[in-house]
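To start, the structure under review is shown below, and the notes come after it.
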Amino acid sequence: MDIRENLNQIGEEMRQELEGVDGLQALDALRVKVLGKKGSLTALLRGMGQVSPEERPRMGQLINEARERFTALLDEKQREFAEKEKEWRLQKEAIDVTEPRDLPLIGAEHPMNLVLKEVLDCFTSMGFSVVEGPEIELDLYNFELLNVPKNHPARDAQDTFYIDDNVVLRSQTSPVQARTMLTQKPPIRIVCPGRVFRADEMDATHSPVFHQIEGLVIDRDVTMADLKGTLDAFAKRLYGSDIDVRFRPSFFPFTEPSAEVDLTCVNCHGKGCRVCKGTGWIEVLGSGMVNPKVLEMCGIDSSVYSGFAFGIGLERITMLRYGIKDLRLLYEGDLRFLKQFR
Ligand code: DAH
């Protein structure tokens, strides 16, 4: 058969098969079938031996031209497929950034933190600084320097966790008072938030671990009027401008005189309700004028300086703020409870 005819036939067959090719794999197979080592065009080239020497260059040229044409055809098809495949992959892998998704779980600030922030805000805006102290505390600071000597009956009021005779889990934040007075000269204006511990069973109003915020002011000419004004500002800031404070005589070893401080009932605003047992007042904190004995023990001249102190229960004021009836809700981490403070 004439080589020209052969070339035409191979070309025709290839064009036909090319139409049926459906992807890069099939295209590669076709390329091998025509141009590969055992391909039909290569076979034709091998058959050149039979061609007469005069015709050989001419035939060789024809075959080479055909190889170029075929290669161009196959390459073009390959580009087409590659383009299609890229489009298809882009479509398949596309991410719809507008697709609605479940929102990630976002936590809420704990109500005690919310209230603590407000309290600290209130006092720092009146010139107080925030000071912290250790939770594992020396008996010296927790009791002795606060005018509660060893074996004094006043210790019975606080069911303290003793680590040994001289080390306790602090039963109050008041030891930060002693620590500050011993290291800082007046004027002193501090609030000290923190965790405190007492050997109490857990119930709706008690917990072996709870939180207090201690306050201490020491300066020349500090009077009970300053104490009352400060606490009045605190009450109004936290619960509203119609809330008043009322002082009742009380006893704390580290203050003299001492006062239990009531606020206008935040639930009924003084009319009388179940929360205030009909009195219109609720007991909220302890306070008093710093006992001169405490000042002297802590190295402050009580003939020059005077001061006041107070201790606020953070759980108590948080529960009043949000109408929470059971202390345990503050510790259990129940999401249904916590989510309400978002
Ligand atoms: N530390 C007292 C307690 O835990 C509370 C307290 C009362 C603190 C009067 C004070 C204060 O600083 O002056 O019961």
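Odds and ends about this structure:
- When shorter helices are ignored and each DSSP H run of at least 4 residues is given -39500 (n - 2.57), the per-residue value for the chain at 222 nm works out to -12500 deg cm²/dmol.
- Whether the chain is rounded, prolate or oblate, judged on the alpha carbon gyration tensor where a/c under 1.5 counts as rounded: prolate
- Of the DSSP H helices in the chain, those whose Cα atoms cover at least 15 Å axially and whose Kyte score averages 0.5 or more: 24-35, 111-124
- Maximal additional length on extending the Arg220-Leu62 stretch stands at 45.3 nm, based on 0.36 nm per residue less the C-alpha distance.
- Residue among Lys236, Lys37, Lys293 with the largest mean-square fluctuation in a Gaussian network model of the chain, springs linking Cα atoms under 10 Å: Lys37
- Estimated translational D of the stretch 74-205 in µm²/s (Stokes, Kirkwood radius over Cα pairs; 20 °C; 1.002 mPa s): 104 µm²/s
- Comparing the stretch 261-312 with the 2.2 N^0.38 Å rule of thumb, its C-alpha radius of gyration ratio is 1.71 (two decimals).
- Among the lysines of the stretch 128-271, pairs at least eight places apart or on separate chains and with Cα atoms under 24 Å apart come to 4.
- Label-point separation in nm, Ser129 to Lys277, each point 7 Å along Cα→Cβ: 4.2 nm
- Ordering 218-227, 312-321 by mean Cβ neighbour count within 10 Å, with the highest value first, yields 312-321, 218-227.
- Using θ = phi - 60° in the Karplus curve 6.51 cos²θ - 1.76 cosθ + 1.60, the 3J(HN,Hα) couplings for the stretch 138-148 round to 6, 3, 3, 7, 5, 10, 4, 6, 9, 6, 10 Hz; x is entered for Gly and Pro.
- Cα gyration tensor category, rounded, prolate or oblate, for the stretch 90-161 with a/c compared to 1.5: prolate
- By the Cβ-Cβ criterion of under 4.7 Å, the unpaired cysteines of the chain are Cys122, Cys192, Cys298.
- Considering only Gly288, Leu44, Pro104, the residue lying farthest towards the positive end of the dipole of the chain is Leu44, judged by Cα position with unit charges set on Cβ.
- Tail weight of P(r) past 20 Å, computed on alpha-carbon pairs of the stretch 152-216, percent: 37 percent
- The stretch 1-69 - Rg and Dmax from Cα coordinates, angstrom: 12.9, 43
- Alpha carbon convex hull of the stretch 54-120, volume per residue in cubic angstrom: 148 Å³
- Extension gain, Asp164 to Tyr331: 0.36 nm times the residue separation minus the Cα-Cα distance gives 57.3 nm.
- Members of Lys293/Lys325; Lys37/Lys92; Lys38/Lys77 lying beyond 32 Å, as alpha-carbon distances in this model show: Lys293/Lys325; Lys37/Lys92
Here, each number is a calculation from the coordinates, and none is a lab measurement. Given the structure is predicted, the values throughout are model-derived calculations rather than measurements. Quick reminder, even Gly has a Cβ in these numbers, built from the backbone with ideal geometry, and neighbours come from all protein chains shown.
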